[in-house]
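**Student:** I have a structure I would like to understand better, so I am pasting it below and will then ask my questions one at a time.
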Amino acid sequence: MARIALLGGAFDPPHHGHLAVARAVRDARGLDRVDLLVSAQSPHRAGKHNHADAGDRAAMARLAVEDDPGLGVEECELARPGPSYSIDTIRQLRRERPANQYSFIIGADMVLDLPRWREIRELLDLVEFIPVLRPGFDAAVFAQVEPALGKACVARLRAAHVDVPLVEVSSTAVRAAVAAGESIEAMVPPAVARYIYAKRLYR
């Protein structure tokens, strides 16, 4: 049985911050692999659109992890129409790959949104969530969701959390740097930078 954590996102583009979180969780929890779960359209980003198309985002994700066998890419959400709901994803993965044990990595800011996730009660029963805490979002977030999720659920979230290093980079900053003609070499893996330049993305 492979123990795999899913780190969801648009990866528009993937950057060193994404990889730092993935590696920190993999090492802290002794996982076999962390997969970048490339979303088609996040239901948590209503009104926002992806800047690169699904094919380019998936390709960049694969390039970002190609030199690390402990990281991978999961593209199942790209084949489904509409918003990428986590409950649909975990049901599909459990059905198609029953030998794997999956968990979800979420930022502490997303912990605050959990009560609004589709079928969150069933989802919390089906899969473990691994919150990652960074400066600015500390363990106080758990107390804020306890009234909605209950003490037992929040206790599991607290016990599963992982502290991750702060990497000062974001996809928004990468896109802005490309548009301004600035270097992105320190923000993304070299193969991702080459792909962005070759495809003339984010200009």
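**Student:** Ser39 - would you say it is of a type in the set (Ser, Thr, Tyr), over 27 Å from Glu146 (Cβ atoms), out of contact with any Pro (no Cβ under 6 Å at 6 or more places or on another chain) and crowded, with 19+ Cβ neighbours inside 10 Å?
**Tutor:** Working: of a type in the set (Ser, Thr, Tyr): yes; over 27 Å from Glu146 (Cβ atoms): yes; out of contact with any Pro (no Cβ under 6 Å at 6 or more places or on another chain): yes; crowded, with 19+ Cβ neighbours inside 10 Å: yes.
The answer is yes for Ser39.
**Student:** Further question: Restricting to the stretch 161-183, name every residue that is touching a Phe, Trp or Tyr at 6+ places or on another chain (Cβ under 9 Å), buried (at least 17 other Cβ atoms within 10 Å of the Cβ) and in contact (Cβ under 8 Å) with a residue 12 or more places away in the chain. Please lay out each step first, then the result.
**Tutor:** Pass one, the stretch 161-183, residues touching a Phe, Trp or Tyr at 6+ places or on another chain (Cβ under 9 Å): 161, 171, 174-179.
If we keep only those that are buried (at least 17 other Cβ atoms within 10 Å of the Cβ) too, we end up with 161, 171, 174-175, 177-178.
Scanning the stretch 161-183 gives His161, Ser171, Val174, Arg175, Val178.
**Student:** While we're on this one: On the given criteria, is Glu77 surrounded by 13 or more Cβ atoms within 10 Å (Cβ to Cβ) and closer than 26 Å to His16 by Cα?
**Tutor:** Working: surrounded by 13 or more Cβ atoms within 10 Å (Cβ to Cβ): yes; closer than 26 Å to His16 by Cα: yes.
When the stated conditions are applied, Glu77 passes them.
**Student:** Go through the stretch 99-117 residue by residue and tally those that are among the aromatic types (Phe, Trp, Tyr), over 12 Å from Asp35 (Cα atoms) and buried (at least 20 other Cβ atoms within 10 Å of the Cβ).
**Tutor:** Of the residues in the stretch 99-117, 0 are among the aromatic types (Phe, Trp, Tyr), over 12 Å from Asp35 (Cα atoms) and buried (at least 20 other Cβ atoms within 10 Å of the Cβ).
**Student:** Next question, about the same structure. Which of the residues spanning the stretch 184-203 are crowded, with 20+ Cβ neighbours inside 10 Å, free of Cβ contacts under 8 Å to residues at least 60 places away in the same chain and part of a loop (DSSP other than H, G, I, E, B)?
**Tutor:** Listed by number, the list holds a single entry, Ile184.
**Student:** With respect to Arg29, is the statement that it is among the basic types (Lys, Arg) and either surrounded by fewer than 19 Cβ atoms within 10 Å (Cβ to Cβ) or farther than 23 Å from Ala176 by Cα (or both) true? Reasoning before the result, please.
**Tutor:** Values: among the basic types (Lys, Arg): yes; either surrounded by fewer than 19 Cβ atoms within 10 Å (Cβ to Cβ) or farther than 23 Å from Ala176 by Cα (or both): yes.
Judged against the criteria, Arg29 is a match.
**Student:** Can Ala148 be described as in contact (Cβ under 8 Å) with a residue 12 or more places away in the chain and in contact with a strand residue (DSSP E or B) (Cβ under 7 Å, 6 or more places away or on another chain)?
**Tutor:** Working: in contact (Cβ under 8 Å) with a residue 12 or more places away in the chain: yes; in contact with a strand residue (DSSP E or B) (Cβ under 7 Å, 6 or more places away or on another chain): no.
Spelling it out, it is not the case that Ala148 is in contact (Cβ under 8 Å) with a residue 12 or more places away in the chain and in contact with a strand residue (DSSP E or B) (Cβ under 7 Å, 6 or more places away or on another chain).
**Student:** Another one. Suppose we keep only residues that are of a type in the set (D, E, K, R) and assigned to a helix (DSSP H, G or I) within the stretch 45-86. Which one would you say is nearest to Ile120 (Cα to Cα)? So that I can check it myself, show each step before the final result.
**Tutor:** Taking the stretch 45-86 and keeping what is of a type in the set (D, E, K, R), we get 45, 48, 53, 56-57, 62, 66-68, 74-75, 77, 80.
Then keep just the ones that are assigned to a helix (DSSP H, G or I); that gives 56-57, 62, 77.
Details: Asp56: 30, Arg57: 27, Arg62: 29, Glu77: 18 Å.
Result: Glu77.
**Student:** Let me ask another. Within the stretch 87-96, is there a residue that is polar (S, T, N, Q) and assigned to a helix (DSSP H, G or I)?
**Tutor:** To start, the set of residues in the stretch 87-96 that are polar (S, T, N, Q) comprises 89, 92.
Add one more test, that the residue is assigned to a helix (DSSP H, G or I), and what stays is 89, 92.
Looking through the stretch 87-96, at least one residue is polar (S, T, N, Q) and assigned to a helix (DSSP H, G or I).
**Student:** Kindly check whether there is at least one residue in the stretch 151-168 that is touching a helix residue (DSSP H, G or I) at 6+ places or on another chain (Cβ under 6 Å) and part of a strand (DSSP E or B).
**Tutor:** There is at least one residue in the stretch 151-168 that is touching a helix residue (DSSP H, G or I) at 6+ places or on another chain (Cβ under 6 Å) and part of a strand (DSSP E or B).
**Student:** Looking only at the stretch 27-50, which residues are modelled with pLDDT of 95 or more and over 13 Å from the mean Cα position of the chain (by Cα)?
**Tutor:** Residues satisfying the conditions are Asp27, Ala28, Arg29, Gly30, Leu31, Asp32, Arg33.
**Student:** Report whether or not Leu124 is surrounded by 14 or more Cβ atoms within 10 Å (Cβ to Cβ), closer than 21 Å to Arg3 by Cα and touching a residue at least 24 places away in the same chain (Cβ under 8 Å).
**Tutor:** On the way: surrounded by 14 or more Cβ atoms within 10 Å (Cβ to Cβ): yes; closer than 21 Å to Arg3 by Cα: yes; touching a residue at least 24 places away in the same chain (Cβ under 8 Å): yes.
Against the criterion (surrounded by 14 or more Cβ atoms within 10 Å (Cβ to Cβ), closer than 21 Å to Arg3 by Cα and touching a residue at least 24 places away in the same chain (Cβ under 8 Å)), Leu124 qualifies.
The values are calculated or read from the model by the stated rules, or taken from the named source; none is laboratory data. All values reported here derive from a predicted model rather than from experimental measurement. Note: ideal-geometry Cβ built from the backbone for every residue, glycine included; neighbour counts use all protein chains shown.
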